[in-house]
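Everything below concerns the one structure shown next.
What follows is calculated from the coordinates using simple rules that are stated; it is not laboratory data. Please read these numbers as outputs of a predicted model, since none were measured by experiment. Every residue, glycine among them, receives a Cβ derived from its backbone with ideal geometry; neighbour counts consider all protein chains shown.
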Amino acid sequence: MLLIGVALGFLTLFLFVPLAFVFHQALRKGVDVYLTAISDPDALSAVRMTLLAAAIAVPLNLVFGVAAAWAIAKFNFPGKSVLTTLIDLPFSVSPVIAGLIFVLLFGLQGWFGPWLREHDLKVIFAVPGIVLATIFVTFPFVARELIPLMQAQGTEQEEAATVLGASGWKTFWRVTLPNIKWGLLYGVILCNARAMGEFGAVAVVSGHIRGETNTMPLHIEILYNEYQFAAAFAVASLLALLALVTLALKFAVERRQRRVDDQDGRRSR
Amino acid sequence: MSGTPAALAGDFSAVLAGGDAAPAPRALSTSIRRRRRRVLPGFGLSLGFTIAYLSLLVLLPLGAALIRTAQMTWPDFIAAVTSPRVLASYRLTFGASLAAATVNALFGLIVAWVLVRYRFPGKRLADALVDLPFALPTAVAGIALTGLFAPNGWLGAPLAALGIKVAFTPLGVFVALTFIGLPFVVRTIQPVLQTLPGELEEAAATLGAARSQVFVRVILPIVTPALLTGFTLAFARAIGEYGSVIFIAGNMPLVSEITPLLIITKLEQYDYAGATAIAVVMLAVSFFLLLAINMLQGWTRRRSGALE
């Protein structure tokens, strides 16, 4: 009983209260102020930028995750454990450093800086930089969900399909994909949440140009530093809603996955 | 947190060689595996794409940072990474991360225990909420915690009455890092507790062990590897954390300035070499932590695998 109290107290204090605080602050000055804040042109442009970065980064990392999981889970090759560790690497790199490395490559003083300037191309303080930084920080999400799942499922079903004459793509679409769809969805949900919420890496490469290269988290920072707290929390509440939707989807997918596993378990018994 | 790098590398040969009735000698089984792996198509394509994408987006950019520091002279590098302001930022970053990971290890163990062992109303909600720090963008967490712990905030006001200042002090950094690290410990311990057979505790209790003895002698040794893994994961995440910290920290040089912020400050002053030098120190620490996590995860699997 005491332990339950301690655990729930800790969770309430550190998780529930901050979440409630965001919505309270966002709506404190009334619905009108809230609506004005989120329909401000700069806010809308930040929303578009965030959606654009996620719309490019998530599909690319999805394709990568599936390819990496196929190679690692279905085949044996030397250096496999090194490769899996390297895929996880972006998780242990500080987001600030993730931004920094792209500045070192594409910034004005960077390796490709002079060349980019000659050709009138901008990567840093522009959209490509934001997309690159977002891809880097969300890199492992899909792969690390799929690899253990596909390893556990083995290769028998795919081998059977191939022996029966199915082509590689057909095997993938008809056999592998239905088996991994929940894990895949789970990875995509987490990848998307991080892509839309990334702050540190994007802060380094974006240049904070209002209406141009601001994402939602950066817009929140600007509003907050200008003491426009109600507006900052209004935009923050949109991202908090995204977090809640993410948690709800994650919960639903996990339940679905568990039910599928239970059915499989019963069948094999 | 399901992807355990070392597990991924696990011996899959057993599955691939599963069709062979007779246990073949090692050399022979290798050659069988060689031939067998050609059964499924797409190895070259998927591995080639994986390595190309990984190199292009992760390895080459990281390599560029390392090469950049290699152009510095050794004394310059040492001077850049050991100036008083940088040293103060290490002390804060590593100290607050260590404290936050310790608190998370303690409370994370309690939370995981309660979520696995007890039934109570709202349990599923509490379980789902544990992942909030993964899902909530760090900037949102940052301004929420700052508002809460500011001297006029919901939690800051009562604490201020007690003479405790949280926001805009190193204590605030600790609070933000505790928030960020919370799910790591809970999610690494939970699966281990779930597979813990009740018979072990029952046996210990039957043999006359007190409740506390059962915990210290039976449960703790089994949970320790996972606890250390979660602790290290939370610590590794905390030292690199930026978004949730900068709002609440106050960012005073020498007092409440974290190392990632210092990197950004140097960048904004166009001190690319200085920023990169500090980044390389942080990367080295992260790399060692990654190695430690891999080893700890191997230990966790052996420890809990021995129970099955």
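Some observations on this one:
- Distance between segment A:141-201 and segment B:41-100 - C-alpha centres, whole angstrom: 29
- As a rough footprinting exposure proxy, the listed residues A:Val137, A:Val245 were ranked by other beta carbons within 10 Å of their own, and the order from fewest upward is A:Val245, A:Val137.
- Mean ellipticity per residue at 222 nm, deg cm²/dmol - from DSSP H runs of n ≥ 4 across the protein assembly as shown, formula -39500 (n - 2.57): -24000 deg cm²/dmol
- Interchain or long-range residues, amide H under 5 Å from A:Phe75's placed H: none
- Judged by the mean number of other Cβ atoms found within 10 Å, the most tightly packed of the peptides A:164-174, A:150-160, B:168-178 leads the ranking B:168-178, A:150-160, A:164-174.
- Per-residue mean of C-beta atoms belonging to partner chains within 10 Å, peptide A:99-111: 6
- Label-point separation, A:Arg256 to B:Ala205 (7 Å along Cα→Cβ), nm: 3.9
- Among the listed pairs A:Lys80/A:Lys181; A:Lys80/A:Lys122; A:Lys122/A:Lys250; A:Lys74/A:Lys250, a Cα-Cα separation exceeding 28 Å is found for A:Lys80/A:Lys122; A:Lys122/A:Lys250.
- Rounded if a/c under 1.5, otherwise prolate or oblate - the protein assembly as shown, Cα gyration tensor axes: oblate
- Gap separating the Cα centres of segment B:208-280 and segment A:8-36, nearest whole Å: 26
- Net dipole in debye of segment A:64-165 [+1 Lys, Arg Cβ; -1 Asp, Glu Cβ; about Cα centre; nearest 20]: 260
- Dipole in debye (nearest 20) - segment A:79-230, about Cα centre, beta carbon charges: Lys, Arg +1; Asp, Glu -1: 180
- Per residue of peptide A:217-226, the mean number of Cβ atoms on other chains within 10 Å of the residue Cβ is 3.
- In the protein assembly as shown, a dipole from Cβ-located charges (positive for Lys and Arg, negative for Asp and Glu) runs towards its positive end, and of B:Gly63, B:Gly142, A:Met216 it is B:Gly63 whose Cα lies farthest in that direction.
- Rounded to the nearest 20 debye, dipole of segment B:171-308 from Cβ charges on Lys, Arg, Asp, Glu: 260
- Across the options B:Tyr270, B:Phe288, B:Ser244, the greatest Cα extent toward the positive end of the charge dipole of segment B:163-308 (unit charges at beta carbon of Lys, Arg, Asp, Glu) belongs to B:Phe288.
- Sorting A:223-230, A:87-94 by their mean Cβ neighbour count within 10 Å, with the most densely packed peptide first, gives A:87-94, A:223-230.
- Relative packing of peptides A:252-262, A:75-85 - highest average C-beta neighbours within 10 Å first: A:75-85, A:252-262
- Here the label points at A:Leu51 and A:Trp115, each 7 Å from Cα along the C-beta direction, are separated by 3.5 nm in the simple model.
- Inter-chain Cβ neighbour count for B:295-303, averaged per residue, equals 0 (cutoff 10 Å, partner chain atoms only).
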